[in-house]
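Reviewing the structure listed below.
None of the figures in this text is laboratory data; all of them are computed from the coordinates on show. Just so it is clear, the model here is predicted, and its values are computed rather than measured. No Cβ is skipped: glycine too gets one built from the backbone with ideal geometry, and neighbour counts run over all protein chains shown.
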């Protein structure tokens, strides 16, 4: 479903605030909303935030149920275990504190050593609070860092001296950041940035503070809610994967086919050329952290490629995981890009300076995100950030490897056609799989994969990070992850299998795999590992279930293909399968060599 | 004053998401269902934006009905024009 026009960027805060009730009603009509339980613990009024946050979560197809702390009771409700909060069982706790909630600021001229001590005490207060949320409530924490006060009784000294309020708040923010770096389920909502972007006089409104104790003005509440919604969306793996880019007047100024390479506007000699270079640099930074880039341009392929030989180009041909330059309609090319990269259309964002191209893509491919980037290149990056398409929760090594992997895909495809048989091709890939029980270093990636894999996913069950952690240490669970590497690169952690052991049978609750390793025998390697584990534990029977969804048709016959026998269907339309663990076993994955977990990794845990 | 009423009614209709909502100078919070503290914040903000006015601290608390709100908006707009 297309979002209501009021929520398509650029969003007018005024309109969202005024029409929120109608928008909410409209958004609730969407099918397949993901339910998420969010507790908002506030150091100031939170009703307004809840109401707008709900709109932006619904816009990401997330349906929140909310708990709100009593006014200002963010700290007490956790430390004294409010029964209402505990029985609410939040998945996420959003802590809406601001500089007003700092318990004590330094005194004028207080010596630095004492200020450091004061900051440490404040950090300890917050850390005990976060620990209790993680350990006793089992929830992910989204925590505001600190904004700055609008008034400065000490003027610039507020920043310059350690006893100044600005200086002290920045010290606390550094402490919060250090905490985030070492706690994976603790995420910062950077209101210091949001308030700077808005300007403090827009961010904080005295009238709304004294009248309603809102620490954030109504307009700024909209950007706050958008930012928190983006974090929640990222936690649930709803971020986009690939940016599809036009070339002429999008990556460089001018039309390469008409103007020629030497007349392109790109580089430092020209103000507009400099802006195109800056946008390319921005895209290069996205690519470096794992966002895939693809080209979709109406051009002769030779001309299109030539553009990347310009002396001032930042992007090079090998930065692109897919490259479509031809005269076909763009929706057709975009469909092909998605197929080539093996990702859904809903993982794509399309950027084109030409409004007509944007309109046709938006109309024909409603799954593809088509932001209104306008036609001024200096504002393209901001248009992308407004919707936080690529908001990362954490940047994990697998993300970095992914872009390299996908660009290797083209090589793999070419390589494939050179072999007499598919078997020969598989053998030549020199695949190595590392399969083992859930290990702490992988829990984050496992949770990410479990929450975003839709196609090769037998049950589409989602788990919170806390649940994944619990499964990892549960002796009655068989929980396996699989990594796959081949001669072209490391695919990273690509498969997860979770089984629950009941006496002599194991029920497979979750089995999923990233589609980038489809048809590589990786599912056989996982099955081999499962059977081995069953034999070691004396488990005699494997029970499988396939729960059909809109996207997982490709695995309907998965258990049949592995030789399971079909049992009577479940009442909900799921199919049930049974496999008897044989006395003698020879591995099925003929072309994958299994390796142990590297000693280095284990040592790091 | 009279030309402000239709625009104010439009604001009320959006905020309460009720295209048939009719207000009169004598309307008070207890006459409109759903007029709670959250809606009130929403309403005040929407009015400020619609009429390009900003209420000073304490002004809102003194209002008793829609008619007084319209009078206050009118007074602020006149002052802005001078």
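Legend: ranking of residues A:91, A:107, A:572, A:474 from fewest to most surrounding C-beta atoms inside 10 Å; resulting order A:572, A:107, A:474, A:91.
Using a 10 Å cut-off around each Cβ of peptide A:3-15, what is the average number of partner chain Cβ atoms that fall inside?
1
Put in line by how crowded their Cβ is, counting other Cβ atoms within 10 Å and starting with the fewest, A:497, A:33 read A:33, A:497. Normalised by the number of residues in segment A:242-387, the average gap of Cα pairs under 8 Å and 6 or more apart makes the relative contact order 25 percent.
Here the protein assembly as shown is described by how far its Cα atoms reach on the three principal axes: 90, 69, 62 Å, from widest to narrowest.
Could you work out the mean count of beta carbons from other protein chains within 10 Å of each residue's beta carbon in A:21-28? Spell out each step's value before the answer.
Values: counts 8, 7, 1, 1, 1, 0, 0, 0.
Taking all residues of A:21-28 together, the mean is 2.
So what is the relative contact order of chain A, in percent, for Cα pairs below 8 Å that sit 6 or more residues apart? Relative contact order of chain A: 10 percent.
With 10 angstrom as the radius, rank A:242, A:515 by how many other C-beta atoms surround their C-beta, starting from the fewest. Walk me through the intermediate numbers first.
Working: A:242 27, A:515 18.
Ranked by crowding around the Cβ, least crowded first: A:515, A:242.
With a ≥ b ≥ c the root eigenvalues of the C-alpha gyration tensor of segment A:5-235, is it rounded (a/c under 1.5), prolate (a/b larger than b/c) or oblate? Because a/c hits 1.5 or more and a/b fails to exceed b/c, segment A:5-235 counts as oblate. For segment A:242-387, pairs of C-alpha atoms spaced more than 22 angstrom apart make up 32 percent of the total.
Can you give the direction-averaged projected area of the convex hull of the alpha-carbon atoms in segment A:499-605, in nm²?
Values: hull surface 34.8 nm².
One quarter of the hull surface, i.e. the mean projection, equals 8.7 nm².
Equivalent ellipsoid of segment A:131-188: semi-axes from √(5λ) of the C-alpha gyration tensor, largest first, are 30, 11, 8 Å. Inter-chain Cβ neighbour count for B:36-49, averaged per residue, equals 5 (cutoff 10 Å, partner chain atoms only).
Shape of segment A:430-595 from the C-alpha gyration tensor: rounded (a/c under 1.5, with a ≥ b ≥ c the square roots of its eigenvalues). What angle do you read, to the nearest 10 degrees and between 0 and 90, between the alpha-carbon axis of helix B:66-81 and the longest principal axis of chain B? Here the helix axis deviates by roughly 30 degrees. Across every pair of non-identical alpha carbons in chain B, the mean reciprocal distance, once inverted, gives a Kirkwood radius of 13.0 Å. Across segment A:421-496, C-alpha contacts under 8 Å between residues 6 or more apart give a mean separation that, scaled by the residue count, equals a relative contact order of 40 percent.
Against chain B, whose longest principal axis is taken from its Cα atoms, helix B:37-51 shows a tilt of about 40°.
Under 1.5 on a/c is rounded, so check that first for segment A:116-217, then, if it is not, pick prolate when a/b is larger than b/c and oblate when it is not; a ≥ b ≥ c are the square roots of the alpha carbon gyration tensor eigenvalues. Note, shape of segment A:116-217 comes out oblate.
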